[in-house]
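Data block below; observations after.
Each reported figure results from applying straightforward, stated rules to the coordinates on display, with no laboratory input. Keep in mind it's a predicted model, so treat the numbers as computed, not measured. Cβ placement follows ideal geometry from the backbone for every residue including glycine, while neighbour counts extend to all protein chains displayed.
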Amino acid sequence: MTKVGKIIELWRYPVSSLRGERLEEAALDAHGIVGDRRWGLFDVEAGKVAAPEKEKRWRVAPEMQSRLVDDAVEVLAGDGVWRAVGTPEAASAATEILGFPVEFRRYEDPFPKGETAASAPRYDRAHLHVLTTASLARLASLAPADVQVDVRRFRANVVIETEPELEGFIEKEWLNRSLAIGSARAIVVEPCERCSFVALAQGGLPFAPPVLHTIARHGGGGFGIQVNVTTPGALRVGDEVVLA
């Protein structure tokens, strides 16, 4: 057992493609952080889920934000007012920002499979996305000096401040190994593949294609790791992370 660092940030994204919320603690169940990525933003006419990394018309979606309040998901759509997802008011506010009819839908549970499943999630990979400060520092050193490598671009659930002796894209060395994170246990399954979402303007961050270019050139297939929960538990900022 080797201590690799401690949790310094926890994030939940109640609605896919929207910005999420930073937490001090989070419950972890068999699917990941409770309430994470359980809703999607859909084109009403086409029935397709938002894809900001693929279609320009969706690129303003990450300027909206989502949060979980007493088991209810709310969205902030540009005017300072939080609205409950699933209501006409939330759909109308998002439609005004995007310029075409959209609505929020809860992903079905269990998730349906196949292209015809209108409420299937954007991604159904691993339970958690984990990123380390070692990797962030390495990416920043490789990117052009004027490029802002900000943790918010990468939408990680857990950010680990690594021990001083750990450098570079260190979490890639943890593939197929177990992690003790807070009171939970998990296994590292694969690197996190990256798309143009990391380059999009969002939450005050500018459009920055060199971020993705640098990952493609130096990341060796990804940036950060995907992790599956083996034992649910509680996560708190400051908890130690131990590699087995």
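By the scheme Lys and Arg +1, Asp and Glu -1, what is the net charge of all other residues having a beta-carbon under 10 Å from that of Cys195?
Working: positive: Lys54, Arg194; negative: Glu53, Glu193.
Result for the local shell: 0.
Going by amide H atoms built from the backbone, whose H comes under 5 Å of the H on Ala184, apart from near neighbours?
It is Ala234, by chain and number.
For Thr95 and Leu205 in the same chain, what is the full-extension length gain: residue separation times 0.36 nm, less their Cα-Cα distance, in nm? Don't skip to the answer; put the middle values down first.
Details: separation 110, 0.36 × 110 = 39.60 nm, distance 2.26 nm.
That works out to 37.3 nm of additional length.
Can you list the HN-Hα couplings for the stretch 9-16, worked out from phi with the Karplus curve (6.51, -1.76, 1.60; θ = phi - 60°), rounded to whole Hz and with x for Gly and Pro?
9, 10, 9, 10, 10, x, 10, 4
Go through the stretch 211-224 residue by residue and turn each phi into a ³J(HN,Hα) via Karplus (6.51, -1.76, 1.60, θ = phi - 60°); whole Hz please, and just put x for glycine and proline.
Karplus-based 3J(HN,Hα) across the stretch 211-224 equals 4, 5, 4, 5, 5, 4, 7, 10, x, x, x, x, 8, x Hz.
I'd like the projected area of the stretch 124-244, averaged over all directions, using the convex hull of its alpha carbons. Report it in nm² with one decimal. Provide the component values of the computation, followed by the final result.
On the way: hull surface 30.5 nm².
For the stretch 124-244, averaging the hull's shadow over all directions gives 7.6 nm².
If you take the charge dipole of the chain about its Cα centre, with +1 on Lys and Arg Cβ and -1 on Asp and Glu Cβ, which of Phe197, Val130, Ala94 is farthest toward its positive end?
About the Cα centre, the residue reaching furthest to the positive side is Phe197.
Helix 133-142 sits at what angle to the longest principal axis of the chain, using alpha carbons and giving 0 to 90 degrees rounded to 10?
Taking the Cα atoms of the chain, the angle to 133-142 is about 80 degrees.
Let me spell out the model: positive unit charges on the Cβ of Lys and Arg, negative unit charges on the Cβ of Asp and Glu, origin at the Cα centre of the stretch 1-76. What dipole size does that give, in debye rounded to 20?
On the way: 13 positive and 14 negative charges, 82 e Å.
Taking the Cα centre of the stretch 1-76 as origin, the dipole is about 400 debye.
What is the helix-to-structure angle for 88-98, meaning the angle in degrees between its Cα long axis and the longest Cα principal axis of the chain, kept from 0 to 90 and rounded to the nearest 10?
Roughly 80 degrees, rounded to the nearest 10.
Short version: ³J(HN,Hα) in whole Hz for each residue of the stretch 29-35, in order, from phi by Karplus 6.51 cos²θ - 1.76 cosθ + 1.60 (θ = phi - 60°), x for Gly and Pro, what are they?
With the stated coefficients, the stretch 29-35 comes to 10, 5, 10, x, 5, 4, x Hz.
Pop out the Kirkwood hydrodynamic radius of the chain from its pairwise C-alpha distances, inverse of mean 1/r, in Å to one decimal. Intermediate results must be reported in sequence, preceding the final value.
Details: mean 1/r = 0.0541 Å⁻¹.
That comes to 18.5 Å for the chain.
Taking amide H positions as placed 1.01 Å from N in the peptide plane, with prolines and chain starts having none, which residues 5 or more places from Met64, or on another chain, fall under 5 Å of its amide H?
For Met64, the qualifying residues are Arg19.
Using only the alpha-carbon atoms of the stretch 21-84 as identical scatterers, what base-10 log of I(q)/I(0) does the Debye formula give at q = 0.12, 0.15, 0.24 Å⁻¹?
Debye output, listed in q order: -0.38, -0.59, -1.18.
Straight-line reach from Lys172: which lysines fall under 30 Å, measuring Cα to Cα and dropping same-chain residues less than 8 apart?
Straight-distance partners of Lys172: Lys3, Lys6, Lys54, Lys113.
So what's the convex hull volume per residue for the Cα atoms of the stretch 178-232, in Å³?
On the way: hull volume 5.7 nm³, N = 55.
Hull volume over Cα atoms, normalised by residue count, gives 103 Å³.
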